[in-house]
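What follows is one structure encoded as structure tokens, with my remarks underneath.
The values are calculated or read from the model by the stated rules, or taken from the named source; none is laboratory data. Here the structure is a predicted model, which is why all the values come from computation and not from measurement. Note that each Cβ is placed from the backbone with ideal geometry, even for glycine, and that neighbours are counted across all protein chains shown. These area figures cover heavy atoms from the full protein model, side chains too; ligands, DNA and RNA do not enter into them. Shrake-Rupley method; radii C 1.70, N 1.55, O 1.52, S 1.80 Å.
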Amino acid sequence: MSETPNTTSTVFTPRVFSGIQPSGGLTLGNYLGAIKRFVSMQEAAFETIYCMVDLHAITVWQDPKELVHNTRELAAGFIASGISPEKSILINQSQVPEHAQLGWIFNCVARMGWMQRMTQFKDKAGKNAQNASLGLFGYPALMAADILVYHATHVPVGEDQKQHLELTRDIAAKFNHDYETNFFPMTEPVIEGAATRVMSLRDGSKKMSKSDPSDASRINMTDTADTIAKKIRKAKTDPDGLPSEAKGLELRPEARNLINIYAALSDQSVNQVLTEYGGAQFGTFKPALADLAVAKLSPISDEMARLMNEPAEIDKILARGAQQAREITVPILKKAYDIVGMIRA
Ligand code: AQP
């Protein structure tokens with residue numbers, strides 16, 4: 001992997017950053033849209049930093065005990081899915097204070113108009129925006145800081161985060177312009193694979209989400225084999241059989257979602273899956289999908305359960321990760337402070 005030029009004068013080390021909120025249990029959407037990509041990028045020529053973004057999680061209410069549990073469980077999910085603490089830096093965001101410190105600077109760079117266009121805020125705040133936290137509104141500026149405090153060049157994410165990554169580039173560009181510098185890179189989003197947007201099992205127009213009130217809408221990484229099979233059996237579909245080409249799924253969001261999940265879990269393209277299942281009814285396809293999902297997810301959930309028996313080990317990994325992370329973030333924040341004009345000893 002060659003270094004990424006920002007402008008004619010600055011090159012940046014290929015470095016990956018991404019995070020997930022410990023705001024509930026991990027879903028199949030998080031796994032296919034994010035974690036599976038994290039693992040493959042760890043094997044490529046990047047430095048990789050992966051984060052439990054606990055400061056983001058509290059933009060909506062989190063019970064403190066559950067937040068601790070969910071942060072450890074998310075770390076266990078990362079490790080059980082193949083992220084190695086020896087190859088990647090694993091952290092929880094609040095243990096690396098430079099994220100929040102740079103986040104403040106970016107609050108002062110980002111414009112109100114930019115933030116008001118963010119669709120995720122509109123979706124999450126819903127009709128009650130006046131009652132949403134200021135943190136939820138400012139979330140994308142902190143997310144930009146999470147990425148740029150490492151000078152990360154690549155960020156693997158699901159499709160829903162595309163707009164926030166565009167904002168990250170806007171913030172970097174405005175900072176660089178205002179302070180006449182090339183300090184921050186133009187980070188590239190990495191949105192790849194057959195399942196960049198896994199949809200709810202109950203409604204093909206809604207994203208699968210850990211905070212959806214309906215547990216039947218999602219597959220949790222901690223679900224038992226029986227629960228996974230039951231949820232897939234009950235997943236909403238239509239009465240038709242499966243088409244033999246991807247084009248035939250265009251107006252069938254629920255069918256498309258199940259095929260995408262199968263393709264992503266089996267590392268095949270949608271057309272490869274349809275070559276095998278074209279013409280089949282859901283009565284045949286759903287049990288095959290359930291078997292595949294159980295085969296892929298059960299070893300991960302078993303390993304998560306094993307790791308969760310040793311919470312002190314997880315805490316140790318996160319503490320070591322924070323130390324490693326700060327070797328990168330402290331100098332970058334110091335330099336950002338110098339650029340902005342903050343006196344420091
Ligand atoms: N359904 C999805 N399909 C593909 N990718 C997804 N991601 C989330 N849902 C899907 C990706 O997972 C990463 C982490 O997301 P997050 O937990 O930080 O926030 P989120 O996108 O808001 O995820 P949830 O599950 O919907 O959380 P809640 O319910 O707490 O808001 C991101 O890369 C995201 O793209």
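Worth a mention:
- Scope the range 202-215; condition farther than 24 Å from ALA76 by Cβ and among the hydrophobic types (A, V, I, L, M, F, W, C); matching residues: none
- Top-ranked residue of the range 50-93 - restricted to ones that are touching a Gly at 6+ places or on another chain (Cβ under 6 Å) and assigned to a loop (DSSP other than H, G, I, E, B), ranked as surrounded by the fewest Cβ atoms within 10 Å (Cβ to Cβ): THR59
- Residue count for the range 11-42, restricted to those that are assigned to a loop (DSSP other than H, G, I, E, B), under 21 Å from ALA144 (Cα atoms) and either open to solvent by 30 Å² or more (accessible area, probe 1.4 Å) or in contact with a Ser or Thr (Cβ under 7 Å, 6 or more places away or on another chain) (or both): 4
- Going through (1) open to solvent by less than 50 Å² (accessible area, probe 1.4 Å); (2) more than 20 Å from the chain's Cα centre (by Cα) one by one, GLY138 falls short only on (2).
- GLY241, sole failed condition from (1) under 22 Å from CYS51 (Cβ atoms); (2) out of contact with any Leu (no Cβ under 9 Å at 6 or more places or on another chain); (3) in a loop (DSSP other than H, G, I, E, B): (1)
- Residue in the range 95-107 that is of a type in the set (Val, Ile, Thr), part of a loop (DSSP other than H, G, I, E, B) and closer than 20 Å to ILE328 by Cα present: yes
- Options GLY341, GLY283, GLY279: the member that is in contact with a Gly (Cβ under 7 Å, 6 or more places away or on another chain), surrounded by fewer than 18 Cβ atoms within 10 Å (Cβ to Cβ) and without any contact (Cβ under 8 Å) to a residue 40 or more places away in the chain: GLY279
- Yes/no for ALA216 being more than 11 Å from the ligand (Cβ to nearest atom), part of a helix (DSSP H, G or I), open to solvent by 20 Å² or more (accessible area, probe 1.4 Å) and touching a Lys or Arg at 6+ places or on another chain (Cβ under 8 Å): yes
- Check on ALA264, outside any loop (DSSP other than H, G, I, E, B), free of Cβ contacts under 8 Å to residues at least 60 places away in the same chain and not acidic (Asp, Glu): no
- Some residue of the range 228-245 being open to solvent by less than 40 Å² (accessible area, probe 1.4 Å) and within 12 Å of the ligand (Cβ to nearest atom): no
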